[in-house]
Each structure stands twice: as structure tokens, then as C-alpha cells.
Amino acid sequence: MSDKRKKQLLVWIGSIAIALICLIPFIWMIVISFSKHPDFLASNKIPYIFTLKNYVEVITTHDLHVMDYFKNSLVIATIVTIIAVAIASFAGYAVSRIKFRGKTSIILGVLAVSMFPQISIVGYLFKIMTKIHWINTYQALIFPYIAWVMPISLWILISYFMQLPTDLDEAAMVDGANRIQTLLRVIIPISAPGIFSTSLLVFISAFNEFMFALMLTSDFHARTIPVGIALFQGLHGEIPWGQIMASSAIASVPLVILTLVFQRYIVQGLTAGALKG
Amino acid sequence: MKQGYRSIYRGLHKYKASEERLAYLLLAPVVILVGGLILFPVIGTFVSSLYKNITFLPPVKFIGLGNYKKLFTDVHFWHSTYITILFAIVAVFCETALGMFYAVVINEKFRLRGLMRAIVLIPWAIPTIISARTWQLIYNYNYGLLNYLFVHFHLSHHAINWLGTSTSAFSSIVVADVWKTAPFMAILFLAGLQAIPESLYEAARVDGASLSQQFWRITLPLLRPVIVIALIFRTIDSLRIFDLIYVLTGGGPGGSTSSISIYGFKAYILGDFGYGSTVSVFTFFVILIFTIFYLKAGRFQQGLKK
């Protein structure tokens, strides 16, 4: 067999293996979410019966609060994304265009923060939030999340702004625009793809965050969907796997679709965030 | 004439000063937020670690290094540290290998390449907590998919209690983590692979190099810088492991799969704020040491300065 044929064969076998590995758990989540008996593998006597019951219960049973958690997550992640990307764009613009003292130390300081473990923050954050009576509110999560996503947002945006030629700014400023106008009317519109990929990554990480949300919220008023799913309890004691998997599907299918549709931007963001040091 | 130059000079000076002021203004929100909500709490945690502060045992009292003395003789804490480091080594190694496999396959030109690149991203897109819950169900003793497959294909005579014994629980956590994070590695490696010129492989083929020789002699050495950066990111991240263990085992059975983050969190939940802070400070330093080690090893610093 020639090397070329051998390679083709290996690629096909590899693809099948990858598809199985990546898809089986996800498909299993969907399968169980539509199952009347989540324990149907236990014995031959239990059949697999397709049902929408889990979804209906999760969406309509008010006491489960799944829709509240989902709404909280969406609202919090959206606000975090808008504010974080806005202030990171301002800061990124300053860093990429203006000379000023202390630039390197400020940037290295912010980036160093990205290696901090959450556990070394969450305890004291709880203390602060208790003191100002913010426990179990949206703002108790929104502000820490904005701070938490700052390093990655800045990292991507700075690397994006750096690629744009400074001629653009100069042309705008010769025409009488000041710095802020240049940023808002020239740089930000041109950087739309970079800003979009930053927004996607920020939204996903705010949506997925767990430890802060676990510590700083206590019920459906502010609890997010990851915490809701982690602490999911049925109304009758036993682990309601059908409902858990239905909630999981509701929460993750939008993210999966978002990722697949905007795959290019996500890959760009991740590689810019990691590789363009 | 001289006057004119001076005023231009003064104007320029003023312009520079105003530019600088604008820069600080644009950076202010970032500095305030990161300073107030990350740096300040970290410092607060340092200070709290010097106090005895237990909710059920007031009053709060300064005890100096008392918590640290307790930490150094706390067997459960050291076990958590050991598990965390072992986890980071094993998981990151497996992720790198699997991610490399993904990347090499989806880098090839074939009909389903676009589809395969999308499929690889799916585990990355699912929130950790949700993938943890799904794996928890797959590992279920009585009706989990894994035991069903194992018994069905005669890999084992009886069902295995995956999350019930310390070794299998540890492996189960590693598998679930690798599944979720290998795509990230694959994306980075793929970017690296695309930068390798095809002509190198052609030359190697002309010289009669086999496929595996091409991988070991061309692909791997040229990917080295990307691999180092990916290792830094993932090692730091896995030393912080929390979400996955919290859902899968809660640190059990009997504390055997507890990570340092889990251990610190439990101290907080039990109301021992001082000791929780001490564990957190220690976690901070473990990660700091690893980062410095990697930065030195990977000469990453030069990259940062560019």
C-alpha cells in the first residue's frame, strides 16, 4: 500500500474515532433527556420510551426554577459581555496606540491575574459581598465576572488592534477627529471581527462560570444554570436524571449551535488569546 | 521666531501630557475592577490566613502562622495537594496526546474536514458542569452507559463502581476532563500545524521518510513552541480543578479525590474562614511556582516582551 493510501485510511479511521469520542456523551445527554425511564439500561425489562415529559416538566414546573436559572445566566452573561468588551476595547486601544509611563507593568499585572486560582479570591469576595448586602444579586456576579474576563479580553483585543496600521488613526486625526472619535468611528468598526470573537469567548466563560456563582448566590433570584444543574434535586428525593439531562440540553444546545455557527471567530479568539504573545 | 518654536514645543508637550492623561482614563476601569475585585481579595485572603476566624467559634483572633502550622501537619490537605499535582500531570499529558491526534487528523485535506473540525469543538462548547453531570450518568453503577458497554462487550464480568473507589474515581475524573479539554489543545496545535510549510513534507517524502518519521522529525519539533504554550495554559488550569470534581465525586470517596481548590472550598463552607484562606494562599503559591518554572523552561518571557 502506498503512503498516500495508507494516510487516507488512517485519516478515515481517525475521523471515525474522533467523532465517536466527541459525540457519544453529547448524544447520550440528548437520548436520556427524551427517555421516559433514564435507567432503561439497568435490565431488559425496562424499555426505552420516547417522551417530551422531561422537557415539559423542566419548563413548566415553577418550583424547579430551571427557567429562572437559565434567565439569570443569560442576563448576567449578556451584561458582562457588553461591559467587559467595551472597557477592554478602551484599554486595549490606549495600550496599542498611546505611549505612557507604566504601560508594560499595568499590562503584565492584568495578564498575571489570569493565572490566579479562583479559590484564592472567592472567600474574601464572599466577605465583601456580605458586607455590602449583595449576596444573591446579579451584581454580585456581574462585577467579579467582568474583572475575571479582563485578561483574556485585553489579550485578544490588544493583539487585534496591534495588527491595524496606525495610518488609519493618523488619517482620522488629520481630518480633525480626536482620539475618542477615532476609536469609536474608525478602530472599533474595523475591528468588528476581533470584538465579536472576544464577545463570544467572554459570553461563554461568563455563562459557564461555577465557583463564584456557587458561593455568591443562594436561590433562584440570582442562581445561574451551572449551579442549578450541579445542585439539581428532584421534588421527590431520587436523582431525576431525565430532568437533569433535559435542563442540560436546554442550557448547552444554544452554546453548541453558537460555537458551530461562529466556529471561525471562536478559533481565532482562542488562538489569538494563546499564541500571539 | 524663537518664541514660535517655544510655543510649538510647549504645545507638543501639552499634547503629550493630555495623551497620557487620556490613556490613564481609558485604562482606569480595568485597573479599578481588576484591582478591587481580584488583587484586593487576594491580599485580603493573605491577611485572613493569619487569623483564627471560625463562624461557630468566635471571636476572630490574630494567630500569626497558627493556620500554617495546622496546614503542614494536615494529612488530608497534603493528600489533596498530591492529587491535584498528579491530576495536572496525568490529565495534561493525555490531553496533549489526544489533542495532537485530533489536530493531525483534522489538518489533513479530506472531504469531511469541515464537519470534523466542528465536531471536535462540541465538547469544548458544553459547560463543564453539564459535561460533568453527563459523565456522572455515564459512570452510573446500575444503569450507566459505560458499565453497560463493559458488560455487553465482555470487558468485565460484573459492573464496576467507577466513582466508588479511589483509583477508578481518579481515572474517571481524568477521562471526563480530557474529553472536555482536548479540543482546546487541538485548536492550538492545528494553528501551529497550518504554519508548517508543506514543502518540508514533500522534501521528506522525496528522501523516503515514512509517515511516522515525518511526524517525529518534522511535525513535533516545529510544534514545540505551540506545545509549550498549550502546556502552560492547561497546567495552570488543571491545578485549579474544581467544577468537575465537585460534581463527579465531591472529593470522595472519603476525600480521596479532593483537589486543593475543593479542600479550600470545603473549609469555607464549614465556616473556617481563616483556614480556608490559608489553603487558598497555598494554592496560589503552588500555581505561582509552576508558572515561574514553565516561564523559565519555555523562555516564554521573551515572547511576552515582544
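The values are calculated or read from the model by the stated rules, or taken from the named source; none is laboratory data. This one's a predicted model, so the numbers in the text were calculated from it and none came from an experiment. Note: ideal-geometry Cβ built from the backbone for every residue, glycine included; neighbour counts use all protein chains shown. Keep in mind that these areas ignore ligands, DNA and RNA; they rest on the heavy atoms of the full protein, side chains included. Shrake-Rupley method; radii C 1.70, N 1.55, O 1.52, S 1.80 Å.
Ligands, DNA and RNA aside, A:Arg264 has an accessible area near 150 Å² when probed at 1.4 Å. In the elastic network of chain A, a GNM with C-alpha springs shorter than 10 Å, the most mobile of A:Ile152, A:Ile18, A:Ile225 is A:Ile18.
To test your reading of the geometry: what angle, between 0 and 90 degrees and rounded to tens, separates the Cα axis of helix A:241-261 from the longest principal axis of chain A? On a 0 to 90 degree scale, this one is about 30. Of A:Arg97, B:Arg224, the residue with the largest accessible area leads and the full order is B:Arg224, A:Arg97 (1.4 Å probe).
Given a 1.4 Å probe and the protein chains as shown, A:Phe50 ends up with an accessible area of around 130 Å². Considering only A:Ser247, A:Ser35, A:Ser89, the Gaussian network model of chain A with Cα springs below 10 Å gives its largest mean-square fluctuation to A:Ser35. Phi angles across the range A:133-138 convert, under the Karplus curve 6.51 cos²θ - 1.76 cosθ + 1.60 with θ = phi - 60°, into 3J(HN,Hα) values of 6, 9, 3, 6, 10, 4 Hz, Gly and Pro given as x. Under 5 Å between amide hydrogens, built in the peptide plane, is the criterion, and for B:Tyr51 it picks out B:Ile63 among residues at least 5 positions away or on other chains. With no solvent and one equal point scatterer per Cα, compute the Debye intensity ratio I(q)/I(0) for the protein assembly as shown at 0.06, 0.09 Å⁻¹ and report its log10, rounded to two decimals. Once normalised to I(0) and log-transformed, intensities are -0.35, -0.77. Among A:Ala213, A:Ala112, A:Ala251, the largest mean-square fluctuation in a Gaussian network model of chain A (Cα springs under 10 Å) belongs to A:Ala112.
Each pair of Cα atoms in the range B:151-211 enters the Kirkwood radius, and Stokes-Einstein at 25 °C and 0.890 mPa s then converts it into a translational diffusion coefficient of 156 µm²/s. Per residue of A:24-32, other chain Cβ atoms within 10 Å of the residue Cβ number 5 on average. In this structure, the pairs whose alpha-carbon distance is over 28 Å, taken from A:Lys131/B:Lys61; A:Lys127/B:Lys296; B:Lys52/B:Lys266; A:Lys103/B:Lys296; B:Lys109/B:Lys180, are A:Lys127/B:Lys296. Distance from the alpha carbon centroid of the range A:4-44 to that of the range A:195-261 works out to 23 angstrom. Could you work out how far helix A:119-131 tilts from the main Cα principal axis of chain A, as a 0 to 90 degree angle to the nearest 10? That helix lies at roughly 90 degrees to the long axis.
Taking Cα atoms only, the orientation of helix A:66-97 departs from the longest principal axis of chain A by about 20 degrees.
Rounded to two decimals, what is the ratio between the C-alpha radius of gyration of chain A and 2.2 N^0.38 Å?
Details: Rg = 23.4 Å, N = 277, 2.2 N^0.38 = 18.6 Å.
The value comes to 1.25.
Heavy atoms of chains A and B lose about 8400 Å² of accessible surface on contact, summed over both sides with a 1.4 Å probe. Counting, for every residue in B:235-242, the Cβ atoms of other protein chains within 10 Å of its Cβ and taking the mean gives 3. Output the residues of the range A:115-145 meeting this criterion: accessible area (heavy atoms, 1.4 Å probe) in the chain alone minus accessible area with all protein chains in place is 50 Å² or greater. Listed by number, the residues meeting the 50 Å² cut-off are A:Met115, A:Phe116, A:Pro117, A:Ile119, A:Ser120, A:Tyr124.
Within 10 Å of the Cβ of each residue in B:37-48, the mean number of Cβ atoms contributed by other protein chains is 6. Figure note: B:Glu198, A:Glu209 ranked by solvent-accessible area, largest first, 1.4 Å probe, ligands and nucleic acids not counted: B:Glu198, A:Glu209.
Hydropathy first: keep DSSP H helices in chain B averaging at least 0.0 on Kyte-Doolittle, then drop any whose Cα extent along the axis falls short of 24 Å, and list what survives.
Values: long enough: B:2-34 (48 Å, 0.05); B:75-107 (47 Å, 1.49); B:166-194 (41 Å, 1.17); B:220-239 (27 Å, 1.64); B:273-298 (37 Å, 1.57).
For chain B, where a helix must reach 24 Å along its axis and average at least 0.0, the hits are B:2-34, B:75-107, B:166-194, B:220-239, B:273-298.
Would you kindly calculate the translational diffusion coefficient of the range B:41-170, applying Stokes-Einstein with the Kirkwood radius from alpha carbon pairs, for 4 °C and a viscosity of 1.567 mPa s, and quote it in µm² s⁻¹ without decimals?
On the way: Rh = 19.8 Å.
Calculated translational D: 66 µm²/s.
Once the 1.4 Å probe is applied to the protein heavy atoms, chain B comes out at 50 Å² accessible per residue. The candidates B:Phe46, A:Phe161, arranged from most to least accessible area with a 1.4 Å probe in the full protein assembly, appear as B:Phe46, A:Phe161. Accessible area of A:Glu57 (1.4 Å probe, protein heavy atoms only, ligands and nucleic acids ignored): about 60 Å². Inter-part distance, the range A:48-102 to the range B:1-46, computed on C-alpha centroids, equals 32 Å. In chain B, the calculated helix contribution to ellipticity at 222 nm averages -24000 deg cm²/dmol per residue, counting -39,500 (n - 2.57) for every DSSP H run with n ≥ 4.
Using Cα pairs under 8 angstrom and six or more residues apart, how large is the relative contact order of chain B, in percent?
On the way: 300 pairs, mean separation 83.2, N = 306.
Over chain B, the number comes to 27 percent.
Between the alpha-carbon centres of the range B:124-178 and the range B:200-272 there is a gap of 20 Å.
Treating each Cα of the range B:67-305 as one equal point scatterer and applying the Debye formula with no solvent, the log10 of I(q)/I(0) at q = 0.13, 0.14, 0.15 Å⁻¹ comes out as -0.92, -1.02, -1.11. Apolar share of the accessible surface for the range B:1-48: 72 percent from carbon plus sulfur atoms, 1.4 Å probe.
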